[in-house]
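All remarks here apply to the structure that follows.
The values are calculated or read from the model by the stated rules, or taken from the named source; none is laboratory data. These numbers come from a predicted model, not from an experiment. Backbone-built Cβ (ideal geometry, glycine too); neighbour counts: all protein chains shown.
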Amino acid sequence: MKLAKPRIDIGFPTNDVQPLLDFWQNEIGLPFEHLLPIRKGQKQHRHDVLGSVLKINELADPIPDRPRSGYRELLIAREDLTSPRSLTDPEGNRVTLVPKGTHGITRIGVRLAVRDIEAHRAFYTDALGLPEGPRAGNAATFLAGDTVLLVEQSTDAPSDSGMEGKGWRYITFQVFEVDREHAHVLSRGGREARAPVTLGTTARISMVRDPDGNWIELSQRASITGSLEVKR
């Protein structure tokens, strides 16, 4: 996978945005970027996380009470720390501030619980084309630019994670050609969640799912790539 931005983004939904904005802006100290209307009933509050984007999706429709995804934790590197500091936002999303360099994290890391680490190793290296990094305790690591994905086997990992529900729900890879990357993932065993679609003049996006059904967004964003052209 050819990344248009050398790091990934992460997002979750909410029906009650203000306590979350207070937490992420004031407790964690993330700069607010802008509010992006996605569709009727959905607004995305975008925050900068050392070059990645935290996407807080404010939804008008009630979020169903469903099991959380395999995405368990966001890790953010801080130069002023000597030991990790773990916190939980008002809706149970875990975030840990870690000393810069912990597990190779210089910006952000994402911890993912999976049922079968070998299946995910094949998915991340073959379907997504990510290099594997050094072990981090019990976790295998995969490198999306300077983002570290920490993948660890867990007996309580979901078997068919959905997009709807509270908690961390998806990660985003910014790419140059969504249609090409989407087709490549499917040809290497990834599952399609949403076929590529163009969102106005902002982005062309698609969704795929990993072996446990966790959602991954592929995004060809005009502000990064300069074009939403579909290349044949």
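Listed values, structure above:
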read-out	value
The one condition in (1) touching a residue at least 60 places away in the same chain (Cβ under 8 Å); (2) in contact with a Lys or Arg (Cβ under 7 Å, 6 or more places away or on another chain); (3) closer than 30 Å to Ala222 by Cβ that Ala4 fails to fulfil	(2)
Close pairs from the stretch 175-187: first at pLDDT 95 or above, partner surrounded by fewer than 20 Cβ atoms within 10 Å (Cβ to Cβ) and of a type in the set (Asp, Glu), Cβ under 7 Å, at least 6 apart	Leu186/Glu192
Count of residues meeting criterion [more than 22 Å from Ile63 (Cβ to Cβ) and in contact with an Asp or Glu (Cβ under 9 Å, 6 or more places away or on another chain)] in the stretch 5-26	2
Options Gly109, Gly41, Gly70: the member that is modelled with pLDDT under 95, under 22 Å from Gly162 (Cα atoms) and in contact with a strand residue (DSSP E or B) (Cβ under 8 Å, 6 or more places away or on another chain)	Gly41
Residue in the stretch 129-136 that is free of Cβ contacts under 8 Å to residues at least 24 places away in the same chain, within 23 Å of Val49 (Cα to Cα) and not charged (D, E, K, R) present	yes
Boolean, Gly51 is over 21 Å from Ala139 (Cα atoms), surrounded by fewer than 19 Cβ atoms within 10 Å (Cβ to Cβ) and touching a strand residue (DSSP E or B) at 6+ places or on another chain (Cβ under 6 Å)	yes
Cβ pairs under 6 Å, 6+ apart, first in the stretch 105-126 and touching a residue at least 12 places away in the same chain (Cβ under 8 Å), second part of a helix (DSSP H, G or I) and surrounded by 17 or more Cβ atoms within 10 Å (Cβ to Cβ)	Val114/His120
Complete set of residues in the stretch 196-220 that are charged (D, E, K, R) and either free of Cβ contacts under 8 Å to residues at least 24 places away in the same chain or surrounded by 21 or more Cβ atoms within 10 Å (Cβ to Cβ) (or both)	Arg204, Arg209, Asp210, Glu217
Residues being of a type in the set (A, V, I, L, M), closer than 23 Å to Glu132 by Cβ and in a strand (DSSP E or B) - total across the stretch 142-197	8
Some residue of the stretch 69-86 being farther than 28 Å from Thr201 by Cα, basic (Lys, Arg) and either in contact (Cβ under 8 Å) with a residue 60 or more places away in the chain or in contact with a Gly (Cβ under 6 Å, 6 or more places away or on another chain) (or both)	yes
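Yes/no matrix, rows are residues, columns are (1) in a strand (DSSP E or B); (2) crowded, with 18+ Cβ neighbours inside 10 Å; (3) in contact with an Asp or Glu (Cβ under 9 Å, 6 or more places away or on another chain):
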{"position": "Leu81", "(1), (2), (3)": "no, no, no"}
{"position": "Pro90", "(1), (2), (3)": "no, no, yes"}
{"position": "Leu97", "(1), (2), (3)": "yes, yes, no"}
{"position": "His103", "(1), (2), (3)": "no, yes, no"}
{"position": "Ala113", "(1), (2), (3)": "yes, yes, yes"}
{"position": "Thr125", "(1), (2), (3)": "no, no, yes"}
{"position": "Pro134", "(1), (2), (3)": "yes, no, no"}
